[in-house]
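To start, the structure itself, in structure tokens.
The values are calculated or read from the model by the stated rules, or taken from the named source; none is laboratory data. The structure displayed is predicted, hence computed values, not measured ones. Backbone-built Cβ (ideal geometry, glycine too); neighbour counts: all protein chains shown. The area values use the complete protein model at the heavy-atom level, side chains included, leaving out ligands, DNA and RNA. Shrake-Rupley method; radii C 1.70, N 1.55, O 1.52, S 1.80 Å.
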Amino acid sequence: QAQLVESGGGLVQPGGSLRLSCVVSTSSLSLTDMAWYRQAPGKEREFVAHISWIGGSTDYADSVKGRFSISKDDSKKTVYLEMNSPKPEDTAVYYCNAIVRQLHYWGQGTQVTVSS
């Protein structure tokens, strides 16, 4: 079982930066992967970025590659999403996702609005 709490959302200007955080409460021995997804109004939830909890390998959606960066702090059981040069089309509710014993867990979501 796992509980996830996101923070760091808000209003950011195009070209600015914002960092999202997600704290996960679970046994680290059974946590295998974490990821960020997002859902814009009227659209389906989509994948943004993933990080392997054991090896730290990462992958990204093409739409954010080169602009967003996912990282983790093992000691704090926290995963981050650094959003650089965001665009208005990045506006969405961002959700943290964790895979524990092959089960998916979700946070409550944090709103990110990119606007001048």
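Residue-by-condition table, conditions (1) of a type in the set (Ser, Thr, Tyr); (2) touching an Asp or Glu at 6+ places or on another chain (Cβ under 6 Å):
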{"residue": "24", "(1), (2)": "no, no"}
{"residue": "27", "(1), (2)": "yes, no"}
{"residue": "50", "(1), (2)": "no, yes"}
{"residue": "56", "(1), (2)": "no, no"}
{"residue": "63", "(1), (2)": "yes, no"}
{"residue": "66", "(1), (2)": "no, no"}
{"residue": "94", "(1), (2)": "yes, no"}
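Have a look at 78, 113 and point out the one that is surrounded by fewer than 18 Cβ atoms within 10 Å (Cβ to Cβ), within 12 Å of residue 14 (Cα to Cα) and hydroxyl-bearing (Ser, Thr, Tyr).
Matching residue, one of 78, 113: 113.
Does residue 83 satisfy the criteria of being assigned to a strand (DSSP E or B) and touching a helix residue (DSSP H, G or I) at 6+ places or on another chain (Cβ under 8 Å)? For residue 83, the condition - assigned to a strand (DSSP E or B) and touching a helix residue (DSSP H, G or I) at 6+ places or on another chain (Cβ under 8 Å) - is met. For region 32-55, enumerate the residues that are within 20 Å of residue 7 (Cα to Cα) and open to solvent by less than 60 Å² (accessible area, probe 1.4 Å). Listed by number, the residues that qualify are 33, 34, 35, 36, 37, 38, 40, 48, 49, 50, 51, 53.
Can you confirm whether region 94-111 contains a residue that is out of contact with any helix residue (DSSP H, G or I) (no Cβ under 6 Å at 6 or more places or on another chain), small (Gly, Ala, Ser) and outside any strand (DSSP E or B)? Talk me through it step by step, then tell me what you get.
Step one: of region 94-111, the residues out of contact with any helix residue (DSSP H, G or I) (no Cβ under 6 Å at 6 or more places or on another chain) are 94-111.
Going one step further and asking which of them are small (Gly, Ala, Ser), we end up with 98, 107, 109.
Imposing the further condition that a residue be outside any strand (DSSP E or B) reduces the set to 107, 109.
There is at least one residue in region 94-111 that is out of contact with any helix residue (DSSP H, G or I) (no Cβ under 6 Å at 6 or more places or on another chain), small (Gly, Ala, Ser) and outside any strand (DSSP E or B).
Counting only residues that are on the phi > 0 side of the Ramachandran plot and modelled with pLDDT of 95 or more, region 93-116 holds 1 of them.
Each row is one residue, and each column tells you yes or no for (1) crowded, with 18+ Cβ neighbours inside 10 Å; (2) touching a residue at least 40 places away in the same chain (Cβ under 8 Å); (3) over 11 Å from residue 34 (Cβ atoms).
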site: 71; (1), (2), (3): no, no, no
site: 84; (1), (2), (3): no, yes, yes
site: 96; (1), (2), (3): yes, yes, no
site: 100; (1), (2), (3): yes, yes, no
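Picking from residues in region 13-31 that are without any contact (Cβ under 8 Å) to a residue 60 or more places away in the chain and hydrophobic (A, V, I, L, M, F, W, C), the one that is farthest from residue 98 (Cα to Cα) is 29.
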